[in-house]
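Heads up, the thing below is written out as structure tokens.
The values are calculated or read from the model by the stated rules, or taken from the named source; none is laboratory data. Computed from a predicted model, the values in this text were never measured in an experiment. Here Cβ is always computed from backbone atoms with ideal geometry, including for glycine, and neighbour counts include all displayed protein chains. In case anyone asks, the SASA skips ligands and DNA or RNA and just uses the protein heavy atoms, side chains included. Shrake-Rupley method; radii C 1.70, N 1.55, O 1.52, S 1.80 Å.
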Amino acid sequence: MKRCVHAPDIRVSEAVERGYAQSCSCGGTLGDAGARAIGASSGALGVAAVLMRASPRVHRTPRYVREHSGREAACHRSWQSSLAELQTRGSMGPTVATIPRKLVALGAKPSVWLEFTPLAAALRAVNLGQGFPDWEPPAWVAGAAKNAVADLAPETQQYARSRGHPRLLETIADVYGRLRFHGRRLDPNRNVLVTNGASGAIYLAISCLVDDGDEVVVFEPTFDIYMGAIRLAGGIPRCVPLVWRAPPRAKVANEDATEPASCAADWCIDWEALREAIGPRTRVLMLNTPHNPLGKVLTRKELEQLAELVHAHPQVTVVSDEVYENIVFEGREHISFGTLPHMFDRCVSIFSAGKNFSVTGWKIGWMIGPEELIQRFHAAQQFVVFSVCTPMQVAVAECLAEAERRHYFRELAALYQERRDQLVATLRQSGLDPIVPQGGYFVVANFGKLPGFTNQFPAALSALEGGRVPGLEIDDATRHRADYNFARWLSFECGVTPIPLSAFFCERHADRANTLVRFAFCKQSQVLEEVSRRLQRFRDISGR
């Protein structure tokens with residue numbers, strides 16, 4: 001079992017969480033030294049000159065770049081010592097096979113997707129777990145892609161600039177400067193960066209802002225990709241659960257309902273817990289509005305309160321995930337955090353072509369923020385993917401311009417609101433209590449008051465283990481968790497697969513989602529009609 005050199009009574013995974021590994025001269029344990037020496041890249045030295053322009057007070061450069069030269073020498077000395085010791089023992093196996101500490105921090109447990117995606121496929125269940133539209137994109141969106149692929153000019157078919165294709169950069173700066181950032185002049189070469197999807201933008205932001213032992217505040221439930229990016233950067237997540245306050249409300253979306261509906265707005269920020277979570281080691285506050293998985297749209301008042309907290313902590317940068325910016329319901333307004341007074345320079349906002357145009361496979365995202373941050377992310381991207389798919393960048397530029405001419409995003413929000421209402425009505429008729437979302441792709445439902453369900457691991461699923469279903473992996477820690485077993489039970493009994501909501505919480509807070517599951521409504525109407533038919537069996541079982 002690996003131990004931290006500076007805290008030999010503590011395992012490395014625990015040392016990472018408690019910050020002990022930060023004190024090691026080469027950033028890890030003796031066993032990690034070899035892997036770190038092999039991983040040291042001269043490219044990082046080239047990036048350092050650009051990244052060092054950052055202000056040491058607000059946007060600190062990660063230590064692996066800041067101290068690369070000195071640490072490389074320290075790593076080399078440690079590596080030589082390790083080699084000598086191992087050669088004396090006659091074995092190099094353990095060091096060569098050492099798993100990097102940051103990968104260890106990710107954990108060895110299978111993710112929720114490795115269970116429920118193969119399970120749904122094996123059972124031929126309707127998979128409402130994964131959030132992607134199952135319909136064709138608009139003809140003019142597909143046409144933009146065809147036009148770009150057919151354009152054989154080198155500037156369309158060869159590498160784009162690492163920052164992004166000039167046409168897309170200029171279009172983003174123009175459209176977002178006018179429509180999202182209220183007339184702010186955005187410089188396409190200083191304030192915008194095109195990325196490999198929004199997930200690539202999130203990874204870049206975290207890896208360039210967070211150092212070993214730094215803390216990142218996230219609201220729970222949280223999109224699981226945030227946690228992976230934080231741990232790969234050597235950071236420590238500080239999880240602040242949203243508090244579910246569900247008073248009786250007016251009916252929403254289902255006029256035939258006889259009971260009041262819960263709403264995503266009932267999930268509130270715990271301001272006291274948030275203030276306690278932000279400290280001197282906090283480097284990033286992750287923000288997501290409209291929210292995945294709840295569908296909560298933060299109000300101006302909530303955003304202004306967050307801005308006050310950020311203003312009081314100059315070392316904190318806000319990474320604002322706004323990929324569902326145009327999927328908001330009942331005429332609500334999405335407000336970008338960077339538009340609040342004095343927050344543009346403290347924030348990077350992340351957007352997605354996949355969500356805006358129902359083309360998640362295109363993997364085109366972009367970041368908007370102050371030059372200081374964008375320059376840092378650009379410097380790192382050169383050594384990660386270098387550039388993003390050129391034809392798709394050209395297509396997205398055309399789509400953004402065309403969307404404005406067509407007033408397309410109003411149509412998009414209306415389409416998703418219709419799908420939301422359809423699924424909410426079905427869930428309510430089945431005896432579930434849906435928490436009606438204000439935006440996004442998903443609706444969370446409470447099954448806590450249902451008869452007919454017993455919290456036990458399905459025997460039928462036990463029979464499928466042991467390689468009988470390709471790719472199926474089950475986290476043993478979830479075998480007694482009610483939300484997981486309900487999602488399993490619903491998959492077997494009704495052929496409809498949701499995702500257990502505790503997958504979006506840390507282990508400490510997982511019980512807060514004990515009776516909650518998430519359904520995706522970004523599906524064709526006929527698919528949702530089939531869900532309603534299948535849940536009729538559920539209604540029969542529960543006696544409703």
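Below is a table of values for the structure above.
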| read-out | value |
| --- | --- |
| Solvent-accessible area, 1.4 Å probe, carbon plus sulfur percent, for segment 117-213 | 51 |
| Kirkwood hydrodynamic radius of segment 332-473, from inverse mean 1/r over distinct Cα pairs, in Å | 19.9 |
| Of 363/523; 301/523; 146/363; 296/523, those spanning more than 27 Å from alpha-carbon to alpha-carbon | 301/523 |
| Probe 1.4 Å, accessible area per residue of segment 365-420, Å² | 38 |
| Extension gain, residue 299 back to residue 268 (0.36 nm per residue minus Cα-Cα distance, nm) | 10.1 nm |
| Computed label-point distance, nm, for sites residue 526 and residue 140 using a 7 Å Cα→Cβ extension | 2.6 |
| Solvent-accessible area, 1.4 Å probe, carbon plus sulfur percent, for segment 433-497 | 48 |
| FRET efficiency, residue 385 to residue 111 (Cβ-Cβ, R0 30 Å, nearest 0.05) | 0.85 |
| Accessible carbon and sulfur surface of segment 316-410 relative to its total accessible area, %, 1.4 Å | 51 |
| Projected area averaged over orientations for segment 278-392, convex hull of C-alpha atoms, nm² | 8.5 |
| Interatomic Cα distance distribution for segment 449-544, bins of 5 angstrom, percent | 2, 12, 20, 24, 19, 16, 7, 1 |
| Per residue accessible area in Å² of segment 257-306, where ligands, DNA and RNA are left out and the probe is 1.4 Å | 37 |
| FRET efficiency for residue 147 and residue 415, using Cβ-Cβ distance with R0 set to 22 Å, rounded to 0.05 | 0.35 |
| Long-range HN-HN contacts of residue 446 with modeled amide H, under 5 Å | 433, 435 |
| Inter-label distance, nm, simple model (7 Å from Cα along the C-beta direction), residue 122/residue 342 | 5.6 |
| Under the Karplus curve 6.51 cos²θ - 1.76 cosθ + 1.60, θ = phi - 60°, whole-Hz ³J(HN,Hα) for segment 455-460, x wherever Gly or Pro sits | 6, 8, 5, x, 4, 4 |
| Distance (nanometres) between label positions extended 7 Å along Cα→Cβ at residue 308 and residue 477 | 3.6 |
| Accessible area of segment 145-193 divided out per residue, in Å², using a probe of 1.4 angstrom | 57 |
